[in-house]
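As structure tokens, the structure follows; a few thoughts come after it.
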Amino acid sequence: MKVLGVDPGTAATGYGVVERGPLGGFQLVECGVIRPTRGAALPQRLRELHEDLVALLTRHHPDVLAVEEAFHARNARTTLVLGHARGVILLAGAEAGVEIAEYPPAVIKKTVTGKGAAQKPQVGYMVAQLLRLKDAPKPTDAADGVAVALTRLLGARHHKTRGMAAPTKATR
């Protein structure tokens with residue numbers, strides 16, 4: 001099984017493609033950060049994010065798109081903008097027809113580290129351990145995306161799963 005994990009953001013969206021190996025272990029295929037044009041208007045950043053996600057889905061053909069759920073930030077605008085980013089990520093997955101699984105941040109941290117309140121360095125360390133990497137993926141947004149993918153592969157139960165959607169073509 002191959003999973004594309006995504007840690008949403010409009011400034012930086014971390015992602016990781018991880019697959020289960022033939023002997024039951026996990027293998028990191030690719031990870032990184034999508035950084036839409038800094039200072040661009042929100043619609044432009046969202047379009048760039050969508051295009052980059054579509055490219056990842058096309059290149060890797062994952063079985064599942066695992067996405068971190070929105071957390072409730074103190075700033076309502078931050079939460080709203082994060083929701084927009086999640087929306088275009090979910091749209092890209094629905095267009096590709098992949099299963100979509102969503103996980104709260106605490107479930108991701110607990111699944112990967114054993115503690116729901118783990119800090120970013122702990123998450124990165126455990127990602128490296130689980131994948132037998134010398135160092136944690138950099139930057140931390142990339143490690144977070146990998147952690148989301150690992151959460152699905154490790155079988156976290158507290159998630160919302162959306163069935164496979166049939167790919168559609170927009171009509172005018």
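Nothing in this text is a laboratory measurement; each read-out follows from the coordinates by a stated rule. Only a predicted model underlies this, so the values are computations on that prediction, with no experimental measurement involved. Backbone-built Cβ (ideal geometry, glycine too); neighbour counts: all protein chains shown.
Remarks
- Rounded, prolate or oblate (a/c below 1.5 giving rounded, otherwise prolate when a/b exceeds b/c) for the range 69-116 by Cα gyration tensor: oblate
- 5 angstrom amide H check on VAL29, placed H, neighbours 5+ away: VAL17, VAL18, GLU19
- Sorting the segments 89-96, 31-38 by their residues' average number of neighbouring beta-carbon atoms within 10 angstrom, most packed first, yields 89-96, 31-38.
- Mean Cα-pair separation over length for the chain, i.e. relative contact order, pairs under 8 Å, 6 or more apart, %: 31 percent
- Taking a ≥ b ≥ c as the square roots of the eigenvalues of the alpha carbon gyration tensor, the range 1-87 is prolate, as a/c is not under 1.5 and a/b beats b/c.
- Under a Gaussian network description of the chain, with springs only between Cα atoms under 10 Å, the residue in LYS110, LYS134, LYS120 that fluctuates furthest is LYS134.
- Its DSSP H runs of at least 4 residues, each contributing -39,500 (n - 2.57), put the calculated 222 nm mean residue ellipticity of the chain at -14500 deg cm²/dmol, to the nearest 500.
- Taking Cα centre as origin and charging only the Cβ of basic (Lys, Arg, +1) and acidic (Asp, Glu, -1) residues, the dipole magnitude of the chain rounds to 300 debye.
- A Gaussian network model of the chain, with springs between Cα atoms under 10 Å, assigns the largest mean-square fluctuation among ALA101, ALA117, ALA41 to ALA41.
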